[in-house]
């Protein structure tokens, strides 16, 4: 692969989801030599393509975000092919179906993004992000379980990453936001700030391109989702494992009837069957205060929400599934409420169109870049879009870094 140049500047990537890990991997593929560190507030990489695991039961795992993905775009394939060769991802071989408002089952894909060759992580969807980090190499650092609360410019023109108390977590020549949180108004509520951290760190008019990007990011809107996660024990799982689908989508009428957008079955090698129920956006909006006791927001914010309301969400989604699947499971469809299910909420599960224009994803004067599935274009709102945007940002960083005179003159990364 032809190199676009080389650069020695340091890069701080906020968020170790698919886009953030993709940027790190692609930069190394293209020849970036400088330090790269990812900062992730969750326990592990993956973002909305994460896998919930149990520290007490190694075989307990559930993909509670994206269950599978396409990877047809050439930019996405440049990152995915090494993951396939390395055994990090594998073809998804389950069956697809969708149900209408009358409860009639239809075989095949309802969503165009679920047609053709589909992929999944070989040992869980978090394997996609882990594979990208492996592709990036051991010298790429990941700091998990740490939320960046603030941003400030460094004396050398780069960026300082700040903790809740204002202390410096790290610093770098270039800042990459994989996702919009630190630039979006929703960060004000989460971090108890008057304005988003990135907006607070720059003076209006200092970088007109960044001003435009901040305005566009501030206008982005997202839909939330609630998820019900359950593991059906082996002795009661055969009926669930025999269902004629592994991914079931609901059309508009079915969503209005049951409040469920999709249901994913994850048969385990030990005979158990994982079940992940994704609510509709309307259901999530009606239960916005329920974040789930096991969520990152609960861990970092110290608030697991109202336990009574959480039980109401579990009861509502389990009841909806019982009614939805009764034609195939009969009484066994009522099982989910009895197997100690968990509930969680993605507050910004899906970006809404039109997304961030690609022309605003790179602001070289401020040394800021943006990537993620919220960037308009191929794969918008999907894993493929996150990978495409990661490739674009890496290409632009290489072009700017190779000509920016950073070698030997940048800031020094501070280890946590």
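The table that follows gives values for the structure above.
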{"quantity": "Dimensionless Rg/Rh of segment 342-400 - Kirkwood Rh, Rg from C-alpha atoms", "calculated": "1.06"}
{"quantity": "Pairs of alpha carbons in segment 1-149 whose separation is greater than 23 Å (percent)", "calculated": "43"}
{"quantity": "Diffusion coefficient, µm² s⁻¹, Stokes-Einstein with Kirkwood Rh over alpha-carbon pairs of segment 97-169 at 25 °C and 0.890 mPa s", "calculated": "142"}
{"quantity": "Between 0 and 90°, nearest 10: helix 208-218 axis offset from the chain longest Cα axis", "calculated": "20"}
{"quantity": "Using a Förster distance of 25 Å, the FRET efficiency for residue 241-residue 104 (Cβ separation, nearest 0.05)", "calculated": "0.65"}
{"quantity": "CD proxy at 222 nm, helix term only [per DSSP H run n ≥ 4: -39500 (n - 2.57); per residue of the chain; nearest 500]", "calculated": "-9000 deg cm²/dmol"}
{"quantity": "Gyration tensor (alpha-carbon) shape descriptor, segment 1-87, a/c threshold 1.5", "calculated": "oblate"}
{"quantity": "Reference-scaled alpha-carbon Rg (2.2 N^0.38 Å with N residues) for segment 160-288", "calculated": "1.54"}
{"quantity": "Residues 387, 151 arranged by fewest to most Cβ contacts within 10 Å", "calculated": "151, 387"}
{"quantity": "C-alpha long axis of helix 383-403 to longest principal axis of the chain, angle in °", "calculated": "10"}
{"quantity": "Over segment 108-176, relative contact order from alpha-carbon pairs under 8 Å, at least 6 apart, %", "calculated": "16"}
{"quantity": "Extended-chain gain in nm, criterion 0.36 nm per residue less alpha-carbon gap, residue 56 and residue 115", "calculated": "17.6 nm"}
{"quantity": "Mean-position separation - Cα centroids, segment 197-234 and segment 349-402, in angstrom", "calculated": "13"}
{"quantity": "Sorted by Cβ density within 10 Å, fewest first, the residues 51, 315", "calculated": "315, 51"}
{"quantity": "Fewest-first sequence of 363, 371, 188 by Cβ atoms within 10 Å of each Cβ", "calculated": "188, 363, 371"}
{"quantity": "Antiparallel bridge percentage (DSSP; both residues within the chain; nearest 5)", "calculated": "65"}
{"quantity": "Cα radius of gyration and Dmax for segment 62-206 (Å)", "calculated": "20.5, 63"}
{"quantity": "Euclidean distance between Cα centres, segment 106-129 to segment 38-70, Å", "calculated": "15"}
{"quantity": "Relative contact order, percent, the chain [alpha-carbon distance under 8 Å, six or more residues apart]", "calculated": "23"}
{"quantity": "The chain: angle of helix 18-30 to the longest principal axis, Cα-based, in degrees nearest 10", "calculated": "50"}
{"quantity": "Whole-Å distance, taken between Cα centres, linking segment 12-32 and segment 160-196", "calculated": "18"}
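Laboratory data are not the source of any read-out in this text; all were calculated from the coordinates shown. Keep in mind that what you see is a predicted model, and the values were worked out from it rather than measured. A quick note on method: Cβ atoms are made from the backbone with ideal geometry, for glycine too, and the neighbour counts reach across all protein chains shown.
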